[in-house]
1. Could you grab me the full set of residues in the stretch 38-58 that are outside any loop (DSSP other than H, G, I, E, B) and of a type in the set (Val, Ile, Thr)?
2. Considering only residues that are closer than 14 Å to GLU21 by Cα, assigned to a loop (DSSP other than H, G, I, E, B) and among the aliphatic types (A, V, I, L, M), which ones fall in the stretch 59-99?
3. Within the set of pairs 6+ apart or on separate chains, which have a first residue in the stretch 101-114 that is farther than 15 Å from LEU126 by Cα and modelled with pLDDT of 85 or more, a second that is assigned to a helix (DSSP H, G or I) and not β-branched (Val, Ile, Thr), and C-beta atoms under 8 Å apart?
4. May I ask you to list the residues in the stretch 47-95 that are under 16 Å from the mean Cα position of the chain (by Cα), assigned by TED's automatic domain parsing to the domain that holds ASP26, farther than 18 Å from ALA30 by Cβ and not charged (D, E, K, R)?
5. Among PHE76, PHE103, PHE87, which is over 25 Å from PHE6 (Cα atoms) and among the hydrophobic types (A, V, I, L, M, F, W, C)?
Amino acid sequence: MKIQHFKTNESGLNRFFGTLEAKIMDILWAGPEMAIKDVQHRLEREKQVNFNTVMTVMNRLVEKGILEKRIEGRSFLYRPVVSKDQFLDNQSKELTHELIEEFGPLVVNHMLDALEEADPVLMEKLEQKIKQLKKET
């Protein structure tokens, strides 16, 4: 599943999803599979939201390959295709590959510049990865 639009002016899940989509995904990542009505009730803790709106958004997330649904009795139950960590890992990997493919050395230089502000544990991981890559070539 590849998210088509990455929003640099947003933060968190809103970089990948619309506001309601992000809230729905957070709810579904936090718990077991749920029916639309259950998700609607959780959303309404913050703000009134129409059942049909929630249903439309959840079914669009199914069409995008983010959620899957199954029928149980007379209800559809929805759950994420991958965990939140897997989703973020996949999306950041895809985004990194696209940036490097399009901008090459510029992106690598900017990433290295950003590492100057990174914590030492991240720097150590990078050093180990570079050593590993050098051994493989």
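1. Residues satisfying the conditions are VAL39, THR53, VAL54, THR56, VAL57.
2. Passing the criteria: only ILE66.
3. Within 8 Å, the pairs are VAL107/LEU99.
4. Once the filter is applied, which keeps residues that are under 16 Å from the mean Cα position of the chain (by Cα), assigned by TED's automatic domain parsing to the domain that holds ASP26, farther than 18 Å from ALA30 by Cβ and not charged (D, E, K, R), the stretch 47-95 yields VAL62, GLY65.
5. Numbers: PHE103 fails: over 25 Å from PHE6 (Cα atoms); PHE87 fails: over 25 Å from PHE6 (Cα atoms).
None of the others qualify; the one that does is PHE76.
The values are calculated or read from the model by the stated rules, or taken from the named source; none is laboratory data. Remember, it's a predicted structure, so these values are computed and weren't measured experimentally. Note that we place each Cβ from the backbone using ideal geometry, even for glycine, and neighbour counts take in every protein chain shown.
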